[in-house]
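Before I ask anything, here is the structure I am working with.
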Amino acid sequence: MRYFTRLGLLLIPAMVLISGCSKNKDRPNILLFTLDTLRSDAVGCYGNAQIKTPNLDKLAHEGVIFQDAMCQIPATLTSHTAIMTGRNPKTTGVRFRTGHVPAFEETLAERFKSCGYQTAAFISSSVLAPEYGLNQGFDQYEMGRLAKQEEKSSFERKAQETIDQAISYITKNKNNKPFFIWVHLYDPHSALLSASALFDYV
């Protein structure tokens, strides 16, 4: 069964196409998949013939690929805030890592939730922890071990842990109402992760 009927390939930094409510009862499931600090020239579908990224390349072939996208600011929290709100950092006030998304800003999750979607996020970096405000509108905002008090000193978790959580959620909820899911990976940010290990995921 295909859970996602339409998917645009989004690399961070990127622009997001926001979809409104549909009168069709068979509304599509929506997946926002962000990879922190992954450059487009390190992905096959953007022309790199030497690096193998078959899963991303397949998504690009079956969906929509953006050739000309710019981020508002090259920082994790601020860039994701711009994606989730559609507004620039000067407007939201989230211009630094320690910023906080104002409660009055409407997020993608809040918009989808108001349209009858169930919403969930699976996050790999403490930079996007709930206390910064991007959890607005999400029924679930999962960070695995990063959410535990004893793991507060940890900065990130591996992609496999995050992806496994997301897959488990999708499997359990596939017959319920449509969902908007955000999956965020942080592995490219880490100098400790080898390129070959990362490309096993992408």
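Determine how large the accessible area of I51 is when every protein chain is in place; take a 1.4 Å probe and give Å² rounded to the nearest 10.
Using a 1.4 Å probe on the heavy atoms, I get roughly 50 Å².
In nm, what is the difference between 0.36 nm times the number of residues separating F104 and K58 and their Cα-Cα distance?
Separation in residues times 0.36 nm, less the Cα-Cα distance, equals 12.8 nm.
Another question, if that's okay. With a cut-off of 8 Å between alpha carbons and a minimum separation of six or more residues, what is the relative contact order of the stretch 31-184 in percent?
23 percent
Just list whichever of K52/K158; K58/K174; K52/K174 have alpha carbons separated by over 24 Å in the model shown.
K52/K174
How much accessible area does T91 have with a 1.4 Å probe, in Å² rounded to the nearest 10?
Taking all protein chains as shown, T91 has close to 70 Å².
A follow-up question, please. Taking every eigenvalue of the Cα gyration tensor of the stretch 30-84, multiplying by 5 and rooting it, what semi-axes result, largest first, whole Å?
Result for the stretch 30-84: semi-axes of 22, 13, 10 Å.
Using alpha carbon coordinates only, what is the Rg to Rh ratio of the stretch 27-147, with Rh defined as the Kirkwood radius?
0.98
Right, here's the next one. Residue-wise, which Karplus ³J(HN,Hα) couplings in Hz belong to the stretch 64-78, taking 6.51 cos²θ - 1.76 cosθ + 1.60, θ = phi - 60°, and x for glycine or proline?
These are the phi-based 3J(HN,Hα) values: 10, 10, 8, 8, 9, 10, 10, 8, 6, 6, x, 8, 4, 5, 5 Hz.
Let me ask another. Excluding ligands and nucleic acids, what accessible area in Å² is computed for E62 using a 1.4 Å probe, to the nearest 10?
100 Å²
If you rank R39, R87, R157, R145 by how much accessible surface each has, with a 1.4 Å probe, what is the order from largest down?
Greatest to least solvent exposure: R39, R87, R145, R157.
The values are calculated or read from the model by the stated rules, or taken from the named source; none is laboratory data. Since we're looking at a predicted model, the values are computed, not measured. To get the accessible areas, we keep the full protein, side chains included, count just its heavy atoms, and leave off ligands, DNA and RNA. Shrake-Rupley method; radii C 1.70, N 1.55, O 1.52, S 1.80 Å.
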